[in-house]
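A.B. asks: The structure under discussion is supplied below as structure tokens; questions concerning it will follow.
The values are calculated or read from the model by the stated rules, or taken from the named source; none is laboratory data. Just so it is clear, the structure is predicted and the values come from calculations on it, not from any experiment. Neighbour counts are summed over all protein chains in view; Cβ atoms, including those assigned to glycine, are modelled from backbone coordinates with ideal geometry. All accessible areas refer to the heavy atoms of the entire protein, side chains included, with ligands and DNA or RNA removed. Shrake-Rupley method; radii C 1.70, N 1.55, O 1.52, S 1.80 Å.
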Amino acid sequence: MAATRVDEGLAARLEEIRREKGETIAVAEVAEVVESLLTTMTGDLTADDVQLYKELEGLARYIHAARAEISSINPGEIQSDLLPTAADELDAIVEATEKATNQIMDAAEVLEEVSGDVAPEVADKLSDATTRIYEACTFQDITGQRITKVVRTLKQIEERVDGLVRAFHPAGDDAAAAQPAAEGRAKAAGDTPSDEDLLNGPQSAEDAMKQDDIDALLADFD
Amino acid sequence: MAVDKNMKVLIVDDYKTMLRIIRNLLRQLGFTNIDEATDGSAALQLLRANGAGGPQGYGLVISDWNMEPMTGLQLLREVRADAKLKGVPFIMVTAESKSENVIAAKEAGVSNYIVKPFNAETLKSKMVSVLGDF
């Protein structure tokens, strides 16, 4: 068994990978190293060698299966599409609650103003009611802070997924990794979007159509 | 000594809706001479420009904690380290509700501490404890 010479080659390859990639290396390269190790095991094998061979073969199969499974999750879509969309939706919630809170307070301030024109006992009731409205409006601050925390967590998840994408998709394969699944679905179904593709929820202020545009679009069908 | 409701109050919060809420609650309590800032550094500029106490200076600071670039705690430390400002009553109004937060604020010299969400009665009672009855 000419193991020593080949082992030296493997050791050199491992050292090269360690030097180039540090502690983070692509799974494909791990599989490559394990397969190289298997090819070194030639000649007369001892019982220990056979056991080691089996273990390594099992490890190689496990790595291939894990790689296929994680690739099928499509981390590229999570990174390029789902996480940014979730963050945008949360930002839109903060914006909407702020707008609603200001509208509620506009109304409450009007009530306070007119309280000067009514009987004192009515004015007191109006004052109590507006105080409760102001107190209730503090929800917007708390909600905003909680959502900011969630967005921060999403950004951390995005960084982890980014690492996963790099580990499972070698350089040059990024475009394929980032291709959104929705795009694939639309292509598969042809030009007509499926019912599922039509379910996008509320749009941001920039993307949403104005009512006049919708009316004009409907008029085109007449 | 009676509390002068014409005193200048500085409210500091990065959420404009919260500034508006506190301003309205203060108005209902009779305090209408109110300035606003959206972070600690802007508040510090106003404090240094107007001073503390007297007819022109601030008689009370009500500040949030979690703001950028300068937090409410940093503002509090700057205020307490400034010979001309260190005596101004300073109430923290914040969602930070861990005991270590309260301890840190107390060690920095906070006059009182209100946890969000809060109600008008809490705001008034803390102001009374800091300023005296009104």
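A.B. asks: Sort out which residues of region B:83-134 are out of contact with any helix residue (DSSP H, G or I) (no Cβ under 7 Å at 6 or more places or on another chain) and of a type in the set (S, T, N, Q), and write them in order of number.
C.D. replies: Selection gives B:Ser97, B:Ser99, B:Asn101, B:Thr122, B:Ser125, B:Ser129.
A.B. asks: Moving on. Determine, yes or no, whether A:Ala123 is surrounded by 12 or more Cβ atoms within 10 Å (Cβ to Cβ), in contact with a helix residue (DSSP H, G or I) (Cβ under 7 Å, 6 or more places away or on another chain) and not assigned by TED's automatic domain parsing to the domain that holds A:Ile17.
C.D. replies: Against the criterion (surrounded by 12 or more Cβ atoms within 10 Å (Cβ to Cβ), in contact with a helix residue (DSSP H, G or I) (Cβ under 7 Å, 6 or more places away or on another chain) and not assigned by TED's automatic domain parsing to the domain that holds A:Ile17), A:Ala123 qualifies.
A.B. asks: Separate question: Just to be sure I understand, how many residues within region B:1-29 are within 12 Å of chain A (Cβ to nearest Cβ) and assigned to a loop (DSSP other than H, G, I, E, B)?
C.D. replies: 4
A.B. asks: Looking only at residues that are assigned to a loop (DSSP other than H, G, I, E, B) and open to solvent by less than 40 Å² (accessible area, probe 1.4 Å) in region B:74-113, which one is farthest from the other protein chains (Cβ to nearest Cβ)?
C.D. replies: B:Asp82
A.B. asks: Now for a separate question. Under the condition of being more than 22 Å from B:Val102 (Cα to Cα) and of a type in the set (S, T, N, Q), which residue from region B:30-63 is nearest to the other protein chains (Cβ to nearest Cβ)?
C.D. replies: B:Thr32
A.B. asks: For region B:52-73, which residues satisfy the criterion of being small (Gly, Ala, Ser) and surrounded by 15 or more Cβ atoms within 10 Å (Cβ to Cβ)?
C.D. replies: Selection gives B:Ala52, B:Gly53, B:Gly57, B:Gly59, B:Ser63, B:Gly72.
A.B. asks: Is it the case, given these coordinates, that A:Ala31 is small (Gly, Ala, Ser), assigned to a helix (DSSP H, G or I), crowded, with 16+ Cβ neighbours inside 10 Å and at pLDDT 80 or above?
C.D. replies: On the way: small (Gly, Ala, Ser): yes; assigned to a helix (DSSP H, G or I): yes; crowded, with 16+ Cβ neighbours inside 10 Å: yes; at pLDDT 80 or above: no.
When the stated conditions are applied, A:Ala31 does not pass them.
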